[in-house]
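A.B. asks: To start, I am sharing the structure in question, which I have written as structure tokens.
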Amino acid sequence: MPATAPSITEVSALLERPLLDLVFEAAGVHRAHHDPSKVQCARLLSIKTGGCPEDCGYCSQSAHHSTGLVKEKLLGLDEVLTEARQAKSDGADRFCMGAAWREVKDGPEFERVLDMVRAVKAEGLETCATLGMLDPAQAERLRDAGLDYYNHNLDTGRSHYDDVVSTREYDERLNTLANVRQAGMSVCTGGILGLGESHTARAELLAELASMEPHPESVPINTLVPIEGTPMADNQKVAWDELVRMVAAARILMPTSFVRLSAGRTELSHEAQAMCFLAGANSIFVGDELLTTPNPGPSGDAQLLGMLGLQAMGERA
Ligand code: SAM
Ligand code: DTB
Ligand code: SF4
């Protein structure tokens, strides 16, 4: 742990500060380390959908829940390439491929994913994948194929984790992240608000992320997208100020990371999103869809970014 790793008590105190003081400080940290007019834009594609053996309580794709989701086999290379080209022409700078796997298994499907990474990279996009757990050799093969980022979320604080997922351990998540780092790829890891977590669990999550050395390059802050048929379908909604607090605290604790305002934006007003950008969010998912749920489409986002004077990073000035 770095000497500067914050304690859970310190992070809790940060989250509980008067909202505007917290946002004011976060905005200063943001402006000291980033161009505040730029937003990193990532496009997601579900390359293998549903039927996942894990039991994550929030997820539409877990085979443990009856969500009505239609399963799909691993997509073909051409289909992925078409989507990546479209994403680039829509202004995305990063293309993230997600698979409903517990872990990567060596074999023809992994080889196909490696081909996808090579092909997307050759289009001049940053590449990201989220495929479940990885061993060190798999991480190295992804790096060699040209993978820039690997996404693997901690989701919540350690004390709440067992109430969310029972089929894998928190330390297994950390182990995959260590394999990603060891292979020299950039780490994308964050969490979800609205899983029934306490304020302490949120502080634990941020303290864990901020204790990584170096900090994760990308920190997605998701808000639960409630899915009918999952145990969390009727969870209490997250108030907008709690999201702003989480974004601001992430920005203060991890000054140089990209903080991504991730799932949940369709339920968020433009005003609340503006507050998140002020508080240091500088990355979003773009396009009509996340993995299996809707996302604000290009026209709504163009309007939002235009109104705020923000520019997509992939766009020419
Ligand atoms: N199966 C891989 C894994 O879990 O690492 C990759 C795909 S998984 C869908 C990626 C991440 O999406 C999860 O870790 C979780 O943080 C987020 N996620 C999934 N369902 C969500 C939901 N309903 N609302 C918000 N975030 C969600
Ligand atoms: C992340 O933190 N959020 C993304 C991405 N990483 C893989 C996924 C959000 C999924 C939201 C629910 C769905 O569309 O299925
Ligand atoms: Fe599977 Fe990932 Fe969904 Fe968990 S979050 S059920 S591992 S697809």
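A.B. asks: Leaving out ligands and nucleic acids, and using a 1.4 Å probe, what accessible area per residue does the chain come to in Å²?
C.D. replies: 43
A.B. asks: Starting from 0 in steps of 5 Å, tell me what percent of the Cα-Cα pairs of the range 28-176 lands in each bin.
C.D. replies: 2, 9, 17, 19, 18, 16, 12, 6, 2, 0
A.B. asks: Here's another thing I want to ask about it. Can you give me the Cα centroid spacing of the range 154-174 and the range 281-317 in angstrom?
C.D. replies: Here the two parts' Cα centres lie 30 Å apart.
A.B. asks: With a cap of 10 neighbouring Cβ atoms within 10 Å, and only residues DSSP puts in a loop, list the trypsin sites (Lys or Arg not before Pro) found in the range 237-317.
C.D. replies: R316
A.B. asks: Say the cut-off is 22 Å between C-alpha atoms; which of K48/K105; K48/K121; K73/K237; K71/K237; K38/K88; K48/K237 go over it?
C.D. replies: K73/K237; K71/K237; K48/K237
A.B. asks: Run the dipole for the range 166-206 about the Cα centre, Lys and Arg Cβ at +1, Asp and Glu Cβ at -1, nothing else charged, and hand back the magnitude in debye, nearest 20.
C.D. replies: For this selection, approximately 140 debye.
A.B. asks: Choose one of P53, Y170, L243: the residue whose Cα lies farthest towards the positive end of the charge dipole of the chain (beta-carbon charges +1 Lys, Arg; -1 Asp, Glu; about the Cα centre).
C.D. replies: L243
A.B. asks: How would you classify the range 35-110 from its alpha-carbon gyration tensor, with a ≥ b ≥ c the square roots of the eigenvalues: rounded for a/c under 1.5, else prolate if a/b is greater than b/c, otherwise oblate? Numbers along the way, then the final one.
C.D. replies: Details: a/c = 2.25, a/b = 1.56, b/c = 1.44.
Judged from the Cα gyration tensor, the range 35-110 comes out prolate (a/c at least 1.5, a/b above b/c).
A.B. asks: Same structure again: Find, to one decimal place in angstroms, the Kirkwood hydrodynamic radius of the chain, where the mean of 1/r is taken over every pair of different Cα atoms and then inverted.
C.D. replies: Mean inverse Cα-Cα distance, inverted, gives 19.6 Å.
A.B. asks: Would you be so kind as to identify which of S283, G191, S269 lies farthest towards the positive end of the dipole of the range 8-312, taking Lys and Arg as +1 and Asp and Glu as -1 on Cβ and the Cα centre as origin?
C.D. replies: The residue sitting farthest along the positive end of the dipole is S283.
A.B. asks: Could you tell me which of rounded, prolate or oblate describes the range 255-317, using a ≥ b ≥ c as the square roots of the eigenvalues of the alpha-carbon gyration tensor, with rounded for a/c under 1.5 and, failing that, prolate when a/b is larger than b/c and oblate otherwise?
C.D. replies: Rounded.
A.B. asks: Top to bottom by accessible area (1.4 Å), largest first, where do D162, D171 land?
C.D. replies: D162, D171
A.B. asks: Roughly speaking, to the nearest percent, how much of the chain's 1.4 Å accessible area is carbon and sulfur?
C.D. replies: Working: 6960 of 13670 Å².
Carbon-and-sulfur percentage of accessible area, whole number: 51.
A.B. asks: A follow-up question, please. Over the range 8-312, what is the percentage of antiparallel beta bridges among all DSSP beta bridges, to the nearest 5?
C.D. replies: Numbers: 2 of 37 bridges.
Taking every DSSP beta bridge within the range 8-312, about 5 percent pair in antiparallel fashion.
A.B. asks: Restrict the search to the range 1-31; then list the GluC sites (Glu not before Pro) that DSSP places in a loop and that have at most 16 other Cβ atoms within 10 Å of their Cβ. Working shown, then result.
C.D. replies: Working: sites: E10, E16, E25; in loops: E16.
The qualifying sites are E16.
A.B. asks: Also: According to the square roots a ≥ b ≥ c of the eigenvalues of the Cα gyration tensor, what is the shape class of the range 160-317, taking rounded for a/c under 1.5, prolate for a/b larger than b/c otherwise, and oblate for the remainder?
C.D. replies: Judged from the Cα gyration tensor, the range 160-317 comes out oblate (a/c at least 1.5, b/c at or above a/b).
A.B. asks: Quick one: putting +1 on the C-beta of Lys and Arg, -1 on the C-beta of Asp and Glu, what dipole do you get for the chain around its Cα centre, in Debye to the nearest 20?
C.D. replies: Computed charge dipole of the chain: roughly 560 debye.
A.B. asks: Would you work out which of N222, P108, L142 lies farthest towards the positive end of the dipole of the chain? Charges go on Cβ: Lys and Arg +1, Asp and Glu -1.
C.D. replies: The residue sitting farthest along the positive end of the dipole is L142.
A.B. asks: For the range 54-124 and the range 183-234, what is the separation of their C-alpha centers, rounded to whole Å?
C.D. replies: If you average the Cα positions of each part, the centres end up 20 Å apart.
A.B. asks: Moving on. Pairs of alpha-carbon atoms within less than 8 angstrom and 6+ residues apart define the contacts here; what relative contact order does the range 8-312 have, in percent?
C.D. replies: 24
The values are calculated or read from the model by the stated rules, or taken from the named source; none is laboratory data. If you're wondering where the values come from, they're calculated on a predicted model, not measured in any experiment. Neighbour counts are summed over all protein chains in view; Cβ atoms, including those assigned to glycine, are modelled from backbone coordinates with ideal geometry. Calculation scope for accessible area: heavy atoms of the full protein, side chains included, ligands and nucleic acids excluded. Shrake-Rupley method; radii C 1.70, N 1.55, O 1.52, S 1.80 Å.
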